[in-house]
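As structure tokens, the structure follows; a few thoughts come after it.
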Amino acid sequence: MTLTAFGLNCTLKSGDAASSTQTLLDQLLDAMAGHGARTSSARVADFDVKPGVTADEGDGDQWPELRKRIMDAQILVVATPIWMGHPSSIAQRVLERLDAVLSEIDDDGMYPTFGKVAVAAVVGNEDGAHHVCAQLYQGLTDVGFTIPGGSPPYWVGEAMGSVDYKDLPKAPDKVADTIATIARNAVHLAGVLQAQPYPRPER
């Protein structure tokens with residue numbers, strides 16, 4: 001089967017405003033496409049994602065549209081800027097809305113997200129990339145995603161500096177290497193999990 005990777009850009013910027021988060025996300029998705037994955041992304045700020053922990057909060061909630069694309073994909077990429085040392089509020093809302101998965105665990109204890117791979121990507125002009133990645137990965141594993149081996153790609157510029165990731169002429173070598181490794185491992189792992197799903201418990 002052709003694997004699908006779907007990226008969520010959790011920048012606070014809506015519309016077509018230039019986004020360093022989008023730049024890193026695009027580089028990562030392009031690398032996955034190089035391994036045969038079909039890729040797409042969405043900017044969460046362009047959707048009316050209501051606060052809550054259910055799959056559909058009603059009253060114009062647009063999370064179900066994003067959720068369908070997440071559930072249709074085998075790989076989820078959550079890309080966020082660092083704000084005050086934490087993931088963006090939008091990234092936190094994504095995790096909160098994914099909490100609905102826990103109410104969908106079947107009688108065998110199988111999550112609907114078992115067999116799906118998740119990757120984090122982080123940019124910012126302040127410290128905290130490892131902390132932000134840890135927060136994202138903890139939440140994503142809690143709701144059933146599997147994390148591939150390798151460091152998540154991140155870039156942190158000079159503290160309070162004026163250069164953003166999107167302003168760089170190309171990805172720094174270390175970042176590019178990390179993107180290449182995690183993209184390769186994510187696509188491989190997703191393929192393995194599709195071919196050999198997690199086992200159901202014996203009865």
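The values are calculated or read from the model by the stated rules, or taken from the named source; none is laboratory data. Everything numeric here is computed off the predicted structure, so don't read it as measured data. For neighbour counting, all protein chains shown are included, and Cβ atoms are generated from backbone atoms with ideal geometry for every residue, glycine included. Just so you know, the surface numbers come from the protein's heavy atoms only, side chains and all, with ligands and any DNA or RNA stripped out. Shrake-Rupley method; radii C 1.70, N 1.55, O 1.52, S 1.80 Å.
Things to note:
- Solvent-free Debye calculation, one equal scatterer per alpha-carbon of the range 147-203: log10 I(q)/I(0) at 0.13, 0.19, 0.20, 0.31 Å⁻¹ equals -0.51, -0.77, -0.81, -1.18.
- Per residue Cα convex hull volume in Å³ - calculated over the range 37-91: 101
- Oblate is the label for the range 1-109, because the ratio a/c of its alpha-carbon gyration tensor axes (a ≥ b ≥ c) is 1.5 or higher and a/b is not greater than b/c.
- Carbon and sulfur %, accessible surface of the chain computed with the full protein complex present, 1.4 Å: 51
- A probe of 1.4 angstrom, applied to the heavy atoms of all protein chains, finds Val122 with accessible area near 0 square angstrom.
- Linear extension gain, Ser14 paired with Ala42, 0.36 nm per residue minus alpha-carbon span: 9.0 nm
- Cα-projected label distance for Ser151 with Thr2, points at 7 Å along beta-carbon direction, nm: 3.4
- Over the range 46-203, accessible surface divided per residue gives 50 Å², non-protein components excluded, 1.4 Å probe.
- Asp177 paired with Ala159, simple spin-label distance in nm, labels 7 Å along Cα-to-beta-carbon: 2.6
- Cα gyration tensor category, rounded, prolate or oblate, for the range 91-203 with a/c compared to 1.5: oblate
- Whole-number percent relative contact order across the range 1-82, with pairs defined as alpha carbons under 8 Å at least 6 apart: 47
- Lysine pairs meeting the criterion (Cα under 21 Å, 8 or more apart or interchain), as found in the chain: 5
- Whole-number percent relative contact order across the chain, with pairs defined as alpha carbons under 8 Å at least 6 apart: 24
- For the chain, the longest piece that avoids every one of the GluC sites (Glu not before Pro) found in DSSP loops with at most 10 other C-beta atoms within 10 Å covers 1-157.
- Accessible area of Asp99 in the full protein assembly, 1.4 Å probe (Å², nearest 10): 60
- Pairwise centroid distance, computed over Cα atoms, of the range 143-203 with the range 1-54, Å: 13
- Out of every Cα-Cα pair that the chain contains, those further apart than 22 angstrom amount to 46 percent.
- You can think of it this way: the chain between Leu102 and Leu168 has 19.7 nm of extra reach, that is 0.36 nm per residue less the Cα-Cα gap.
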